[in-house]
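In what follows, a single structure is set out as structure tokens and then discussed.
The values are calculated or read from the model by the stated rules, or taken from the named source; none is laboratory data. In this text, all values refer to a predicted model and were calculated from it rather than measured experimentally. Positions of Cβ are backbone-derived with ideal geometry, glycine not excepted, and every protein chain shown enters the neighbour counts. Just so you know, the surface numbers come from the protein's heavy atoms only, side chains and all, with ligands and any DNA or RNA stripped out. Shrake-Rupley method; radii C 1.70, N 1.55, O 1.52, S 1.80 Å.
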Amino acid sequence: MTSQSGFDRRSLLGGIAAFGGLALLPACAATSRSAAPAASRVRNWAALTALAERYVAERKVAGMIIGVGNGDAPAFYTGAGTLGLQRETPVDAKSIWRIYSMTKPVTGVLAAQMISEGALGLDQPIADILPAFKAMKVAIDPATSLEARAASGPITVRHLLTHTAGLTYHFMPSAVGKAYRRFGLMPGMRTVGREPGDGESPSSLQAFANAVAELPLVADPGTAWNYSISLDVLGAVIEKVARKPFETVLQERLLTPLAMHDTGFSVPAASMNRLATNYLLHSNNLVPVDAPPKTEYAVPASYPAGGGGLVSTADDYMRFMRMITNGGQHSGKQIISPEAAKLVVSNLLPQGVFYEGNQGYGAGGRVVIAPGPGLIPGSYGWGGAAGTLASALPAQKLSVVLMTQYMPQQAYPLPEELGKALAADLA
């Protein structure tokens, strides 16, 4: 189904598993202990600035802001452009962006902290918390049919953290993915990207999780990496364990302690003038698909999507990434335990399962475990459907955040170009 503009709205949120933030950062950027002081010596950041300016000048994006944090020094921001092609407000560290799947690391961090406290077990079956998942089934041929058999084992918290639960996404080309659409199981999607025939969204996070449990999996839990709604289901687990709404847990445990005042599941009217316009790239032109004040983010969705529902700023998300980089600390405060921070950036994949060949996966984000061209072991990160990127490099005390808005994110080689620019500025 195509719109009158001629673009396929199914592509809006497709393909967002193609990269893991700056896991593709060139190895020359930060491979030794000397890289951390190098960041503080840099005064110009000319290559990063040139990258943002080029993307705007070539009308690939309306605006872009890039932030670099090193240790405890103040973060540096550079950027170019405006909040929209027809808007005059320049982008800055307080501009608000749809971060889509960069919500996943946030949910992953919440779960990691609860694991470190003993409230959750990493290998605990989620049926202990959400009984609807007690007897899951697996589609015999998920590409063509919902005919199913019994699953070989239970879904665990580890599986949800690492996309190995056997769940999928509504935009994946399979019978199971199509069933998600029919039942409205499209977390993070409100109006943009929805099609005639899509089911109504569940009325609550628990209703969403219960509906997911009624459909078959695409693989046995713990046997394969499949990009999925698993972090959204994890949000329902967190909510049930905490006995509080998921958004309340997020606010109390992360957003308030980190002073992430502009991060949330909707944009207040007073902040609407700082929300960037979102674009779809169609025939090399940027077509606006969501813009303030008539944005779908003016009000909260029917339930909070722990895998893709947040908006944030470069400044807010930098605080979050620096907290991960610095072992759970930010501004002298221990936001999450050192054990939780270590868990987040550890390879949590079940034995024998890998991400993209020979790499790992932590709490909602890619973890590089094997060196290679442009790969730094120990780096952790993820990106969003509208081109946003973030990485934490704990060994180098380096954090990187990029905010922009274009879809689909795989239209440009931005992760690679960002890595090269950062490497040039650190050299």
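Brief remarks on what is shown
- Considering only GLN86, GLN396, GLN329, the mean-square fluctuation computed in a Gaussian network model of the chain, springs between alpha carbons under 10 angstrom, is largest for GLN86.
- Residue (of ALA314, LEU349, ALA411) at the positive-pole extreme of the chain, dipole from beta-carbon charges: ALA314
- Entry note: region 229-279 has Rg to Rh equal to 1.06, where both radii use alpha-carbon atoms and Rh is the Kirkwood radius.
- Volume per residue of the convex hull around the Cα atoms, evaluated for region 148-289, comes out as 160 Å³.
- Partners of LYS137 within straight-line reach, counting lysines whose Cα lies under 20 Å from its Cα and excluding those fewer than 8 residues away in the same chain: LYS178.
- Using Cβ point charges alone (K and R +1, D and E -1), the dipole size of the chain about the Cα centre works out to roughly 320 debye.
- Simple label model, 7 Å out from Cα along Cβ direction - THR89 to SER204, nm: 3.5 nm
- Accessible area in square angstrom per residue, the chain, 1.4 angstrom probe: 37 Å²
- Within the same chain, lysines fewer than 8 places from LYS333 are excluded, and of the rest, those with a Cα less than 28 Å from its Cα are LYS94, LYS104, LYS240, LYS244, LYS342, LYS397.
- For the chain, averaging the sequence separation of C-alpha pairs within contact (under 8 Å, six or more residues apart) and dividing by the residue count gives a relative contact order of 29 percent.
- When the chain is treated as a Gaussian network with alpha carbon springs shorter than 10 Å, the biggest mean-square fluctuation among TYR317, TYR361, TYR55 belongs to TYR55.
- Enclosing the Cα atoms of region 63-170 in their convex hull gives a volume equal to 180 cubic angstrom per residue.
- A Cβ-based charge dipole, computed about the Cα centre of region 46-129 with Lys and Arg at +1 and Asp and Glu at -1, lands at about 480 debye.
- Compactness of the chain, expressed as Rg and Dmax over alpha-carbon positions, Å: 20.2, 60
- Solvent-accessible area, 1.4 Å probe, carbon plus sulfur percent, for region 256-307: 57 percent
- Furthest towards positive pole of dipole, THR156, THR256, VAL176, structure part the chain, Cβ charges: THR256
- Estimated 222 nm signal from helices in the chain, with DSSP H stretches of n ≥ 4 weighted -39500 (n - 2.57), rounded to 500: -7500 deg cm²/dmol
- Working from Cα pairs under 8 Å separated by at least six residues, relative contact order for region 161-243 is 46 percent.
- Placing R0 at 25 angstrom, the Cβ-Cβ distance between ALA119 and GLU356 gives a FRET efficiency of 0.20 after rounding to 0.05.
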